[in-house]
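Chemist: My questions will all concern the structure given below.
The values are calculated or read from the model by the stated rules, or taken from the named source; none is laboratory data. Treat the numbers as computed from the prediction; the structure is a model and nothing was measured. Virtual Cβ from ideal backbone geometry, glycine too; neighbours counted across all protein chains shown. Calculation scope for accessible area: heavy atoms of the full protein, side chains included, ligands and nucleic acids excluded. Shrake-Rupley method; radii C 1.70, N 1.55, O 1.52, S 1.80 Å.
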Amino acid sequence: MFRILVSDAISEEGLAPLRKSEQIEIVQKKVTEVEDQLHEFDALLVRSATKVTEELLSKMPNLKIIGRAGVGVDNIDVEAATKRGIVVINAPNGNTISAAEHTFAMMAALVRHIPQAHISVKSREWNRSAFVGTELQGKHLGIIGFGRIGSEVAKRARAFGMFVHVYDPFLTKEHAEKLGVSIHTLDEVLACSDIITVHTPLTKETKGLLGEKNLAKTKKGVYLINCARGGIIDEQALIPFLQNGHVAGVALDVFEQEPPGDHPLFAFDNVIFTPHLGASTVEAQLNVATQVAEEVLQFLEGKPVTSSINLPTLSKDVYEKIQAFYNLAKKMGTIASQYMNIPVQELSVTYAGTVADLETTYITRSLLAGFLRPRVASTVNEVNAAMIAKERGITYGEKFSDETYGYANCLSLTVHGENKTFTIKGTHIPNYGDRIVHFDGFTIDFAPEGHLLYIQHQDRPGMIGKVGNILGEHQINIATMQVGRQQAGGKAIMMLSLDKPIDDALLQKLTEIEDIETVKRVEV
Ligand SMILES: NC(=O)c1ccc[n+]([C@@H]2O[C@H](COP(=O)([O-])OP(=O)(O)OC[C@H]3O[C@@H](n4cnc5c(N)ncnc54)[C@H](O)[C@@H]3O)[C@@H](O)[C@H]2O)c1
Ligand SMILES: O=C(O)CC[C@@H](O)C(=O)O
């Protein structure tokens, strides 16, 4: 049974996919109302009101996934979630149209003074000359940030007969041409625009992007709109520009602090506000809620998610193709980690044959997670494996090769540790299973599962019998046994699969058999 906490107002209809599952219990409460149950939740669904901080995450040790019903994840400490191995997903395009339409509504309201005129009429005034506006047609619109919403705003602006000027340092010339816009520098956009609207995420670079210095570069009489994130337009810096009339008006849907409390910009009649309503339409809320609900359900059912912020994205089709190798890689990582139980510096993964044509990033992350799991106390999975490896000074890389050793596919892992290098190779045989076909210099063939016992010894008659006798005396049943040797009378190995794990005392007893050099337990 999975428990999901829905801590913000999320469309009820959108939650339907989750409600259908008998394995899921949904609790719709604010975080503060379920403080004593936080440790029980497997998933958390939020909009922008819940602040998912490191402190909150520390109270939710069972949390596996956070779903943001919307685009911006700036209310979520993604780094802290990643460190804890928690997947963060969002609904990147469900509210694009609503946010673009809201931007346009704000633009029209701003240049035609609609909110001010509305208040005036309700105060029994009939003052038509006080609210003379300007047309949008023929005006120059500067769009800063030309992603999903920025480009939808541009389409609407063209329909209104406006000239569109775009600044987006990450937009390629080709993509801009495809979207029918030309790219400008920020200074050009600031200088030529009658109206400027921002549609970037809030980042180190965009925080205060329209601050004192850049506001001074804008046209006198400019209108500004922020329906993206509070702080992209510096609220304090606006004050002198509004006082001296350089800025003709501002529309804010978002604020540096939400709610903004007693805001200094409330003193200006030409600044209009909405309470973060960009995504507040029935359609957008249904879209984003459905998107995250479906993704969370997929995830809890052990299937891949497609809109993760902290995992490589994976479609269902791709996942189905890589699933077998994903599992094999995890097992190989786990085996290698236990066998090489010394500090290691580098993991090198080589893909050959059919697997080399697949999405290997995800397979490598799975191998890395398998490798780190026996070594770290905290949760480690595909989400945080790369970060944990980096923290521990372990580098990793992928290679591709044509050498399959006669198999259709071959995954090879080489682990470089202090004074020792270890290589393991595995293959997946459809309708048969996973096989390890090479182990630390020996050709062998065993299934990587269960309680494994690795024994390295001198190739002498009777070795198998000696090991079998001791295990038998301790009521340990051998399920399978594979042997390999480099040359007759030289070094040889046995890989046994046991029905139950052996304890330290028995391990020691096996080590003491004459001609046995190494005995290692490996749990897969
Ligand atoms: N008001 C609301 O309710 C509401 C609703 C939806 C989205 N949003 C916000 O709107 C913003 C845009 O959302 P989107 O879906 O279009 O995102 P997006 O990722 O599709 O587009 C963002 C664009 O900003 C560009 N960008 C990044 N850094 C930049 C910089 N320094 N200068 C200029 N451009 C830069 C990126 O290249 C990208 O093209 C986000 O902040 C999102 O959180 C607000
Ligand atoms: O949840 C909301 O209404 C805000 C959504 C919006 O800011 C977003 O980034 O998607």
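Chemist: Looking at Ser58, Ser120 in this structure, which one is under 26 Å from Ser280 (Cβ atoms) and either over 20 Å from the mean Cα position of the chain (by Cα) or not β-branched (Val, Ile, Thr) (or both)?
Modeler: Details: Ser58 fails: under 26 Å from Ser280 (Cβ atoms).
Unique residue meeting the criteria: Ser120.
Chemist: Further, regarding this structure: Within 16 Å of ligand 2 (Cβ to nearest atom), under 35 Å from the mean Cα position of the chain (by Cα) and open to solvent by 30 Å² or more (accessible area, probe 1.4 Å): which single residue out of Thr197, Thr185, Thr172, Thr203 fits that description?
Modeler: Values: Thr197 fails: open to solvent by 30 Å² or more (accessible area, probe 1.4 Å); Thr185 fails: within 16 Å of ligand 2 (Cβ to nearest atom); Thr172 fails: within 16 Å of ligand 2 (Cβ to nearest atom).
None of the other options fit; the residue is Thr203.
Chemist: Kindly establish whether Glu205 is outside any loop (DSSP other than H, G, I, E, B) and over 18 Å from Phe104 (Cα atoms).
Modeler: Details: outside any loop (DSSP other than H, G, I, E, B): no; over 18 Å from Phe104 (Cα atoms): yes.
When the stated conditions are applied, Glu205 does not pass them.
Chemist: Given the residues Pro430, Pro501, which is the only one that is open to solvent by 40 Å² or more (accessible area, probe 1.4 Å), touching a strand residue (DSSP E or B) at 6+ places or on another chain (Cβ under 8 Å) and either acidic (Asp, Glu) or on the phi < 0 side of the Ramachandran plot (or both)? Can you show your working first?
Modeler: Numbers: Pro430 fails: touching a strand residue (DSSP E or B) at 6+ places or on another chain (Cβ under 8 Å).
Sole residue among the options that is open to solvent by 40 Å² or more (accessible area, probe 1.4 Å), touching a strand residue (DSSP E or B) at 6+ places or on another chain (Cβ under 8 Å) and either acidic (Asp, Glu) or on the phi < 0 side of the Ramachandran plot (or both): Pro501.
Chemist: So which residues in the range 212-240 are surrounded by fewer than 16 Cβ atoms within 10 Å (Cβ to Cβ) and in a loop (DSSP other than H, G, I, E, B), if there are any at all?
Modeler: Ala216, Lys217, Lys220, Gly221, listed by residue number.
Chemist: Which count do you get for residues in the range 91-105 that are at pLDDT 95 or above, open to solvent by less than 40 Å² (accessible area, probe 1.4 Å) and among the hydrophobic types (A, V, I, L, M, F, W, C)?
Modeler: 3
Chemist: Moving on to the next point. For a quick check of your reading: which strands (runs of 3 or more DSSP E) sit entirely within the range 419-479 and have at least 2 residues that are in contact with a helix residue (DSSP H, G or I) (Cβ under 6 Å, 6 or more places away or on another chain)? Spell out the reasoning first.
Modeler: Values: elements: 420-429, 433-439, 442-446, 451-458.
So the answer is 420-429.
Chemist: May I pose another question? Return only the number of the condition from (1) closer than 23 Å to Thr306 by Cβ; (2) touching a residue at least 12 places away in the same chain (Cβ under 8 Å) that Glu79 does not satisfy.
Modeler: Unmet condition: (2).
Chemist: So how many residues does the range 50-77 have that are farther than 24 Å from Gly150 by Cα and outside any strand (DSSP E or B)?
Modeler: Counting residues in the range 50-77 that are farther than 24 Å from Gly150 by Cα and outside any strand (DSSP E or B) gives 15.
Here's the yes/no breakdown for (1) in contact with a Phe, Trp or Tyr (Cβ under 9 Å, 6 or more places away or on another chain); (2) small (Gly, Ala, Ser); (3) within 16 Å of ligand 1 (Cβ to nearest atom); (4) part of a helix (DSSP H, G or I):
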| residue | (1), (2), (3), (4) |
| --- | --- |
| Ile272 | no, no, yes, no |
| Leu277 | no, no, yes, no |
| Leu286 | no, no, yes, yes |
| Glu294 | no, no, no, yes |
| Phe299 | no, no, no, yes |
| Pro304 | yes, no, no, no |
| Leu311 | yes, no, no, no |
| Val318 | yes, no, no, yes |
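Chemist: Then there's this: Confirm whether Ile66 is hydrophobic (A, V, I, L, M, F, W, C) and touching a strand residue (DSSP E or B) at 6+ places or on another chain (Cβ under 6 Å). Quick ask: steps written out before the conclusion?
Modeler: Values: hydrophobic (A, V, I, L, M, F, W, C): yes; touching a strand residue (DSSP E or B) at 6+ places or on another chain (Cβ under 6 Å): yes.
Yes.
Chemist: Between residues in the range 40-60 that are in the same structural domain as Gly72 (by the TED database) and farther than 15 Å from Asn90 by Cα and residues that are among the small types (Gly, Ala, Ser) and surrounded by fewer than 22 Cβ atoms within 10 Å (Cβ to Cβ), which pairs lie under 7 Å by C-beta distance while being six or more apart or on different chains?
Modeler: Glu54/Ala80; Leu57/Ala80
Chemist: So, in the range 7-46, of the ones that are small (Gly, Ala, Ser) and assigned to a helix (DSSP H, G or I), which residue ends up nearest to ligand 2 (Cβ to nearest atom)?
Modeler: Taking the range 7-46 first, the residues small (Gly, Ala, Ser) are 7, 9, 11, 14, 16, 21, 43.
If we keep only those that are assigned to a helix (DSSP H, G or I) too, we end up with 14, 16.
On the way: Gly14: 12, Ala16: 19 Å.
Restricting to residues being small (Gly, Ala, Ser) and assigned to a helix (DSSP H, G or I), the top hit is Gly14.
Chemist: Shifting gears a bit: Before we move on, is Arg124 on the phi > 0 side of the Ramachandran plot, loosely packed, with under 14 Cβ neighbours inside 10 Å and of a type outside the set (Gly, Ala, Ser)? Full working, then the answer.
Modeler: Numbers: on the phi > 0 side of the Ramachandran plot: yes; loosely packed, with under 14 Cβ neighbours inside 10 Å: yes; of a type outside the set (Gly, Ala, Ser): yes.
Yes; evaluated as a whole, the condition is true for this residue.
Chemist: Check the range 106-116 and report whether any residue there is crowded, with 18+ Cβ neighbours inside 10 Å, among the β-branched types (Val, Ile, Thr) and within 37 Å of the chain's Cα centre (by Cα).
Modeler: no
Chemist: Considering only the range 359-418, how many residues are charged (D, E, K, R) and part of a helix (DSSP H, G or I)? Walk me through it before giving the result.
Modeler: Taking the range 359-418 and keeping what is charged (D, E, K, R), we get 359, 365, 373, 375, 382, 390-392, 398-399, 402-403, 418.
Pick out the ones that are also part of a helix (DSSP H, G or I) and you get 365, 390-391.
Within the range 359-418, residues that are charged (D, E, K, R) and part of a helix (DSSP H, G or I) number 3.
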